[in-house]
Amino acid sequence: MIRIALATLRNRAASYAGAFLALTLGTAIIAMTALTLAAVSSAGFHGPQRYAQAPAVVTAPVTLTLKDDDGDPREFPLSRPKPLSPQAVQALSGTGRTVPDRTFSAQVTGGPDDQVGHPWSTAAFTPYRLVKGHAPASSREIVVGGGAPELVGGTVRVATGAGFGEYTVAGVTAPAWFEHAVFFADAEAARLSPQVNAVVAYGPAASVRAAVQGTGARVLTGGDRLLAERDQNGGRDQLRDAEGMAGTSMMLVAFVVVFVVIATFAFVVEQRRREMALLRTVGATPGQVRRMVLAEAFLLAVLASALGCAAGVRLTGVLRGWMVDHGVAPSWLQVDARPVPLVISFFLGLLAAVIGTAVVSWRAGRVRPAEALREAAGRRRAATPVRLVLGGVLLALGVQKSAAVAGGDQVSALSMQNYLFVPVLLVGGCALLTPLLVRPVLAALAWPLRRLGAGAMVVREGALFAGRRTAAVATPVVLAVGLGAALFTAQDAANAANAAGLRAGSSADYVLSAQGDGEIGSAVVDRVRAVKGATVAVYTPAEVRLSGDGDRYLGTLSAFAVDAGELAATRRPAVVGGSMGRLGGDFLVLDRDSAREFGVRTGDRVRAGLPDGTSVPLRVAAQTRTTVTGEIGYVPAAFTGGARPTQIEVKVAAGGDATAVAAALRAAVRDQPVRLSTRASLLDAEQAEQQRKTRLATGNVFGIALAFALLAIANTLVMAAPDRRRELSALTLAGATRRTTLTFVAAETVVATVAGVVLAGAAAAAVVAGQRAALTSLVGGFPMTVPWTSVLAVTALCAVTAVGTSVVATRLLVGGPAPRGE
Amino acid sequence: MKTDVMVRISQVSKTYGRRDNRVAALDGVSVAFPAGRFTAVMGPSGSGKSTLLQCAAGIDRVDAGEVELAGTALNRLSESALTKLRRDRIGFVFQAFNLVPSLTARQNVALPLMLAGRRPKRRDVDAALDRLGLAERRRHRPGEMSGGQQQRVAIARALVTRPQVLFADEPTGALDSRSSREVMTLLRELVDREGQTIVMVTHDPVAASFADEVLFLADGRIAGSLEAPTPDLVAARITKLEGER
């Protein structure tokens, strides 16, 4: 039987080459995204990194201990541990060599947002080594970690909490993955950041421990040294964007590939129905025919999937390069050929091919030989019951999911990563139902052609008669255009809603924000507070860990420490429980979804662990509606827990002089690493940046899927071309020139494509309508835009691919006169 | 001459189409095909002759009535059981040859044996081909052979399982007159030399004249028979039948 299977493989070379190609490339891109996803969703590094060569690190407490639901203690790292007490620093000096370590915000102009400053002497126990230049010899010299060698000798401006400073770059080191460092001379570092964050002690561990006894300091050795580092997740935080993108890509790509491969393999079997009937007449049982076709598909799929996996490993370099170049992934990211994602990709491809074959061959094998031989080549039911049921189920799930988001979890409509299910389900459902839906659409589209004579008649009847082929072309068009239109439009809507929500939630006139990931120095805060005729609200981001009775951990909230009156003057949170009036000195305001998640109600008393580990009692004073920003939390201005302000919002007082306020603000931030903008322009700039980023991500994620869909369209048409030989010869014999024949083929393909686009439009409209309902209930109205350029570009690509391929394939394959009867 | 009955068809009806446009292809036909004889079935187009053959050979199902092959009733067999019975006991030759285009002549002939799970002996397969004068064509694919050669491969394939009955549906329909004569002579020899039972549908009076008996069908019913046919007698009967419609 295998020999027969192999022999038929040889005969249907064009079809099988198409199926093989589709599966190989499909598995390759699944493997590419799966490998990348595996690489970005696991920690890149283990154990202490910056302190890897430090024997002992002495710090103030770096963890907060709370109890989990079972009452067992659990340690949480502090985001801003307190500085080491001067007594402890003093006591350590007697134990042997010690190096005081400081970490503070220090941004070189034009450098990365998250640069931090350290004293140069700490470079000794960290992985930094000079690659050019020399150590800082004076207080005006710095070494830039991971800086370009050309920087050496030049002068740069560095922003710290103390303002701007001019420094000469004395040297640069090789980059380190866990931070972007700027090294200052020790004395200069002490001037910029007087507090000592940690001391690295080289003396005997026992005497180090003895020395700090009673000072509250903690001596970290071995694996515990990790607790003193900024990045304790082995780089996972830096991979979060990449993980989101790879996850979304993986889902979308797997969906499109599985879909197309199933359809392609099913198409191959459909093309062979006559041959299968023939085998039935010479004594093959239905089971034998099915097994033979499945064996063929299996053989082919094993080869194609394996080849695809091998190609996928090579392709990871391309995706990695793109993500690094566009700042989605850090440059240290390595994508290795791991076995598990490859095995998954292999079996996904194999399974899709076998399923596609099985569904059709099961039906084809059941047909009685006489019936099968009689059946005309066309006019066959294009849709299998399995396909229709599955399509219906996908549509129903999509509608249900869409309704669930609109009715409750509206925030997830803001993120394509979370909302992706809806477009995938709705567009997928429509694509599956294409054979059923394409007929009425075609009939409607072809109606105007009725009066245009014989040519139009041939095209119309051809498209309707060969419903299977029409549906086969239209299906990938539905996928490509539907997903493209839905994703691009939904993404824009999410951005617009986000901007509208932010606008609605703020009443400030001016916003001052720290440059990059830096902070606003206290001098600037004081100067801004002194501006007359304005209410000034200083926002300090403080991550708080909430605990209930018996120190039971409830959850972590990204809150702002802010004065209650200043908050009321500059922001307008929609209160849904409790009251924002008379907040007092122990208030906690948080959004309803977070409150629900933590299990707290208005009026409850909780404890909050501040960034430096201080624990304070709070009262849940009010709950706000969950809005575009997701979680919201406010605590009194006193509870910054060592964190520094990053944003100041200014509201011009009633009857105040806006121009004077603006001028005073400009003066206050002159020559400071603080950006002053009007609220409107800041929001516009943020929206534009958001738009740019998300379009880039969506474009990339969707681009992979689109490329594959285009291939599927071309593939189907090449595979279908030989089947038309007889039909087109008949046209030629009836007096059509070769040119006319090609025009017919092109027109028929256009009709199929347009039918696909119409269905895609319907699916995309359903996605966007559902999302809009969700977003409207979240933020009220927002302007609706359809990115027509992108949508039309995708449509045009599909049309050009379809028409081009069908004409070229027809020309090449259907050259000669009518073939003799077989 | 007393002979055993190989295929017995009793009160068989078969209709095509849906409610609005029903066509009765067979309308209560009863007929018996004797063993070791060559029977031709003739009739105007649409008379149901191909349907009769397909029902008798078990590649189509009847709506009512009984089909019995060498004592086995076909109606109650499952699709798989029916296929196995066909594979072992029936050979079928089509007008359109129905060879598998991707397989060589030898592979096509071996196919029914392979499907039956037997290991085809090359000697047997080659003997079957040789007997039909295809010794030179063993390695050729259908596309590389003439119509007559293809039909002879099809006959070799039908005979390779040594079937009790050979059914032939317009075996000369796609052949020129010389090839037709060759194929018909071959079938006649099979009956005379090896006692093969053959049931053949044809519309060609010359082909029919090779049979022992011609059975006439019109509008799904038996419309007479003719022993020891000659082309002229057959043509006269057919012309008469067509005229009566």
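Within segment B:45-82, the set of residues being away from chain A (no Cβ under 14 Å) and in contact with a Cys (Cβ under 9 Å, 6 or more places away or on another chain) comprises just one member, B:GLY65. Consider segment B:74-88 and keep the residues that are in contact with a Ser or Thr (Cβ under 8 Å, 6 or more places away or on another chain) and among the basic types (Lys, Arg). The one that is surrounded by the fewest Cβ atoms within 10 Å (Cβ to Cβ) is B:LYS84. When B:THR197, B:THR172, B:THR202 are screened for being buried (at least 20 other Cβ atoms within 10 Å of the Cβ), under 15 Å from B:LEU132 (Cβ atoms) and of a type in the set (Ser, Thr, Tyr), only B:THR172 passes. Looking at segment A:281-329, which of its residues are farther than 25 Å from A:GLY356 by Cβ and not in a helix (DSSP H, G or I)? Listed by number, the residues that qualify are A:VAL282, A:GLY283, A:HIS326, A:GLY327, A:VAL328, A:ALA329.
All of B:GLY58, B:GLY46 fail the test of being at positive phi and crowded, with 16+ Cβ neighbours inside 10 Å, apart from B:GLY58. Of all residue pairs spaced 6 or more apart or on separate chains, those with beta-carbon atoms under 7 Å, a first member in segment A:92-119 that is at positive phi and a second member that is of a type in the set (Gly, Ala, Ser) and assigned to a loop (DSSP other than H, G, I, E, B) are A:GLY96/A:GLY203. With respect to B:VAL62, determine if the residue is among the β-branched types (Val, Ile, Thr), in contact (Cβ under 8 Å) with a residue 60 or more places away in the chain, under 26 Å from B:SER225 (Cβ atoms) and outside any helix (DSSP H, G or I). Considered against the rule, which asks whether it is among the β-branched types (Val, Ile, Thr), in contact (Cβ under 8 Å) with a residue 60 or more places away in the chain, under 26 Å from B:SER225 (Cβ atoms) and outside any helix (DSSP H, G or I), B:VAL62 comes out as no.
One residue stands out in segment A:771-812 among those that are surrounded by 24 or more Cβ atoms within 10 Å (Cβ to Cβ) and within 26 Å of A:ARG692 (Cβ to Cβ): the one that is farthest from the chain's Cα centre (by Cα), namely A:CYS798.
Before we move on, is A:GLU243 among the charged types (D, E, K, R), at the interface with chain B (Cβ under 10 Å from one of its Cβ atoms) and in contact (Cβ under 8 Å) with a residue 60 or more places away in the chain? When the stated conditions are applied, A:GLU243 does not pass them.
Segment B:112-214 holds helices (runs of 4 or more DSSP H) entirely within its bounds, and those carrying 2 or more residues that are within 14 Å of chain A (Cβ to nearest Cβ) map to B:122-131, B:147-159. In segment A:126-162, of all residues being buried (at least 19 other Cβ atoms within 10 Å of the Cβ) and polar (S, T, N, Q), the one that is farthest from A:GLN49 (Cα to Cα) corresponds to A:THR160. In segment A:39-59, the qualifying residues are those that are aliphatic (A, V, I, L, M) and surrounded by fewer than 21 Cβ atoms within 10 Å (Cβ to Cβ), and the one that is modelled with the highest pLDDT is A:ALA52.
Among the candidates B:LEU111, B:LEU99, B:LEU132, which residue alone is buried (at least 20 other Cβ atoms within 10 Å of the Cβ) and within 23 Å of B:GLY36 (Cα to Cα)?
So the residue among B:LEU111, B:LEU99, B:LEU132 that is buried (at least 20 other Cβ atoms within 10 Å of the Cβ) and within 23 Å of B:GLY36 (Cα to Cα) is B:LEU132.
Suppose we filter segment B:187-203 for residues that are under 20 Å from B:VAL234 (Cβ atoms) and at pLDDT below 90; how many remain? Result for segment B:187-203: 1.
None of A:ALA663, A:ALA643, A:ALA637 is surrounded by fewer than 19 Cβ atoms within 10 Å (Cβ to Cβ), not β-branched (Val, Ile, Thr) and not in a strand (DSSP E or B) except A:ALA663. Of the set (1) touching a Gly at 6+ places or on another chain (Cβ under 8 Å); (2) within 29 Å of A:ASN197 (Cβ to Cβ); (3) not charged (D, E, K, R), all apply to A:PHE598 but (2).
If you go through segment B:90-104 one residue at a time, how many are over 20 Å from the mean Cα position of the chain (by Cα) and more than 8 Å from chain A (Cβ to nearest Cβ)? Within segment B:90-104, residues that are over 20 Å from the mean Cα position of the chain (by Cα) and more than 8 Å from chain A (Cβ to nearest Cβ) number 1.
Taken as a whole, the condition of being closer than 21 Å to A:GLN515 by Cα and loosely packed, with under 15 Cβ neighbours inside 10 Å does not apply to A:GLU179. Checking A:GLY154, A:GLY171 one by one, the residue that is in contact (Cβ under 8 Å) with a residue 24 or more places away in the chain, small (Gly, Ala, Ser) and farther than 26 Å from A:ALA523 by Cβ is A:GLY171 and no other.
The values are calculated or read from the model by the stated rules, or taken from the named source; none is laboratory data. Every value quoted in this text rests on a predicted model; they were computed, and no experiment measured them. Counting neighbours? That spans all protein chains shown, and the Cβs are built from the backbone with ideal geometry, glycine included.
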